[in-house]
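The values are calculated or read from the model by the stated rules, or taken from the named source; none is laboratory data. Quick caveat, the model's predicted, so the values are computed rather than measured. Quick reminder, even Gly has a Cβ in these numbers, built from the backbone with ideal geometry, and neighbours come from all protein chains shown.
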Amino acid sequence: MTVVPPALRILLLVLLGQGPVSPTLPAAGYHVGPGDVLEVTVAGRPDLARLPTVQTTGLIWIPHSPEGVRVEGLTALEIGTALTELLARLEPARPDVTVTVKEYRSQFVFVAGEVNQPGRKALKGRTRLLDALLEAGGFTARASGEVLVRRQEGTFEDGSTVRRLRFPRTGPAPGGVTELETVPTRGDVVTASLGRYVTVAGEVVRPGRYALDGETTLSTILSSAGGFTRFGDRRVKVHRRDPTSGQVQVLRADLEAIEKGRSPDVVLLPEDRIEVKARLL
């Protein structure tokens with residue numbers, strides 16, 4: 001099993017102050033559809049208990065209703081009220097009918113990309129983006145923290161059909177809680193993007209691989225690497241491979257000139273290799 005990076009695990013499981021939770025939320029606002037399995041119970045009347053499946057016609061079948069009861073688009077509470085009224089006309093004592101959704105089979109989102117268990121995930125009540133990602137097992141170790149939500153039916157509030165959300169690997173950013181509360185709708189495709197990395201080698205405090213977070217510059221990555229050692233030459237090389245030809249291009253940058261505003265900072269691309277050599281004494 002892929003190990004989820006601690007920062008991403010904390011972001012997914014603790015961000016809302018809940019710790020590990022079941023992704024199933026109360027389904028009070030859930031509108032049932034064909035394929036959903038309901039549980040109908042009647043107080044004191046076990047003979048009337050049923051587990052009806054909502055048919056493609058939108059109907060369920062219960063005793064005393066040979067033509068079926070239309071439930072598609074209703075909530076469990078509304079169905080319970082309708083069945084109570086129906087049975088009240090047929091039973092000597094007014095029944096107390098309770099309806100719950102036992103199996104969610106009519107509404108789904110699709111979670112793809114860098115998650116541990118990609119695939120179709122059922123919408124259960126007010127399912128949030130957080131719940132869908134948890135249902136998919138959270139991010140893989142290769143995830144960037146960027147999530148793309150593509151709406152197949154309708155649009156978001158601003159009229160767009162695509163929403164790009166970013167959850168930094170170092171922890172929640174301002175607005176991160178709100179973004180995880182985004183409520184997907186039927187047919188949405190949620191894609192966790194693959195992480196993008198660069199390599200820093202040579203005379204820096206912490207050489208290694210570093211994740212790109214949006215548009216990341218050379219000076220930012222060098223700062224993340226702890227800056228130069230006392231031997232580091234501030235004239236840095238960036239080795240960049242052309243994806244078409246495969247040839248390696250070498251970019252030269254003077255960090256002193258960049259810091260003083262005399263030269264533009266270098267925007268890094270995935271798989272760039274930054275080389276910091278020792279300066280001549």
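Things worth noting here:
- All positions within the stretch 143-167 that are outside any loop (DSSP other than H, G, I, E, B) and either hydroxyl-bearing (Ser, Thr, Tyr) or more than 12 Å from the chain's Cα centre (by Cα) (or both): SER144, VAL162
- Of all residue pairs spaced 6 or more apart or on separate chains, those with beta-carbon atoms under 8 Å, a first member in the stretch 246-264 that is at pLDDT below 95 and among the β-branched types (Val, Ile, Thr) and a second member that is surrounded by 11 or more Cβ atoms within 10 Å (Cβ to Cβ) and in a helix (DSSP H, G or I) are ILE258/LEU218; ILE258/SER219.
- Looking only at residues of the stretch 72-94 that are in contact with a Gly (Cβ under 8 Å, 6 or more places away or on another chain) and crowded, with 16+ Cβ neighbours inside 10 Å, we find that the one that is nearest to ALA43 (Cα to Cα) is THR75.
- Comparison of THR185, THR178, THR127 shows that the only residue that is in a helix (DSSP H, G or I) and in the same structural domain as ASN116 (by TED's automatic domain parsing) is THR178.
- Any chance GLY232 is crowded, with 18+ Cβ neighbours inside 10 Å and at negative phi: yes
- Looking only at the stretch 110-126, and only at residues there that are in contact with a Lys or Arg (Cβ under 8 Å, 6 or more places away or on another chain) and farther than 20 Å from LEU194 by Cβ, the one that is surrounded by the most Cβ atoms within 10 Å (Cβ to Cβ): LEU123
- Of all residues in the stretch 34-71, those being closer than 24 Å to VAL183 by Cβ and surrounded by fewer than 18 Cβ atoms within 10 Å (Cβ to Cβ) number 4.
- Being over 29 Å from GLU146 (Cα atoms), outside the structural domain of SER144 (by TED's automatic domain parsing), in contact (Cβ under 8 Å) with a residue 60 or more places away in the chain and surrounded by 12 or more Cβ atoms within 10 Å (Cβ to Cβ) holds for only one residue in GLU271, GLU203, and it is GLU203.
- Within the stretch 235-268, the set of residues being surrounded by fewer than 10 Cβ atoms within 10 Å (Cβ to Cβ), farther than 25 Å from SER144 by Cβ and among the charged types (D, E, K, R) comprises ARG252, LYS260, ARG262.
- Enumeration of residues in the stretch 95-107 that are part of a loop (DSSP other than H, G, I, E, B), surrounded by fewer than 19 Cβ atoms within 10 Å (Cβ to Cβ) and in contact (Cβ under 8 Å) with a residue 60 or more places away in the chain: ARG105
- Close Cβ contacts (under 6 Å, 6 or more residues apart or on different chains) running from residues in the stretch 142-159 that are assigned by TED's automatic domain parsing to the domain that holds ASP213 to residues that are part of a loop (DSSP other than H, G, I, E, B) and at pLDDT 85 or above are absent.
- Whenever a residue of the stretch 207-228 is on the phi < 0 side of the Ramachandran plot, its partners that are β-branched (Val, Ile, Thr) and part of a loop (DSSP other than H, G, I, E, B), lying with C-beta atoms within less than 7 angstrom and at least six residues away or across chains, give the pairs THR217/VAL266; LEU218/VAL266; ALA225/VAL205.
- Of the criteria (1) assigned by TED's automatic domain parsing to the domain that holds THR57; (2) at pLDDT 90 or above; (3) not in a helix (DSSP H, G or I), which one THR81 fails: (3)
- The single residue among GLU275, GLU256 that is acidic (Asp, Glu), part of a strand (DSSP E or B) and more than 26 Å from ARG163 (Cα to Cα) turns out to be GLU275.
- Only listed residue being touching a Leu at 6+ places or on another chain (Cβ under 7 Å) and assigned to a helix (DSSP H, G or I), chosen from SER193, SER219, SER223: SER219
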